[in-house]
């Protein structure tokens, strides 16, 4: 396992987790979009597993940007975030950089990246991170089919997330959904941002579809714009749009401004 340059604080022993009355599994994060929060019973739940699928290969950056937005919105200023990536995901999406995280309103000094070749070790690291109770969120990024993530492994992740109150975002690309213990499942695609002066691309915009929800409606879709200052979404309406490239990865290495995980056209 190779960990990035941003160190995590020391993790407490599992017995030092938040007491049941304070666990964030009882909380929901209000996204800022009333219809979305209503469909989710008040917002996206802490202490649950949420699956995020890139619509196609060109939407890997958008799905990663959406995961980053959720992690930023659902964590407090001092919370640590662990982003665990498979080697194949790194080859597909590129290297995540600190300035990209900051561009989304996050705090890169609170994030640690792990690159893990073995799928079982990747899932085991996710369970350990969730069980620690020291993290604000965990992101697991994979590319392609992942037979190791069967229903048993999915339930293990769900139980660890529920016990600690930490949300887990499973970021998937090049794969089709399979039965799991996830609370919600989403499909994410890139969308055009609203033009700024000079026809520059504006705030990050995502097309999302709620494919599945354990206890609630599904089959609903939204176009959301990320507000990095308030760390919430707004639902976009009519207005001037500017197309952006669908290449690259969130905060990928390279020149040029980065918007919602993509380089401006």
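Overview of values
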{"quantity": "Neighbour-count order for 118, 79, fewest beta carbons within 10 angstrom listed first", "calculated": "118, 79"}
{"quantity": "Packing-based exposure ordering (other Cβ within 10 Å, fewest first) of 207, 229", "calculated": "229, 207"}
{"quantity": "Region 29-263 - Rg over Rh from alpha carbon coordinates, Kirkwood radius", "calculated": "0.93"}
{"quantity": "Relative contact order, percent, region 29-263 [alpha-carbon distance under 8 Å, six or more residues apart]", "calculated": "29 percent"}
{"quantity": "Theoretical gain in end-to-end length, residue 77 to residue 178 [0.36 nm per residue, Cα-Cα removed]", "calculated": "32.9 nm"}
{"quantity": "Spin-label model distance (nm) - residue 30 vs residue 117, 7 Å beyond Cα toward Cβ", "calculated": "4.8 nm"}
{"quantity": "Cα-projected label distance for residue 109 with residue 209, points at 7 Å along beta-carbon direction, nm", "calculated": "4.2 nm"}
{"quantity": "Net lengthening on full extension, residue 195/residue 151 (0.36 nm per residue, minus Cα-Cα)", "calculated": "11.5 nm"}
{"quantity": "Residue exposure sequence - 188, 138, 127 - by fewest surrounding Cβ within 10 Å", "calculated": "127, 188, 138"}
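The numbers here are math on the coordinates, done by the rules we state, and not lab data. Computed from a predicted structure; not experimentally measured. Using ideal geometry, Cβ is built from the backbone for each residue, glycine included, and neighbour counts are taken over all protein chains shown.
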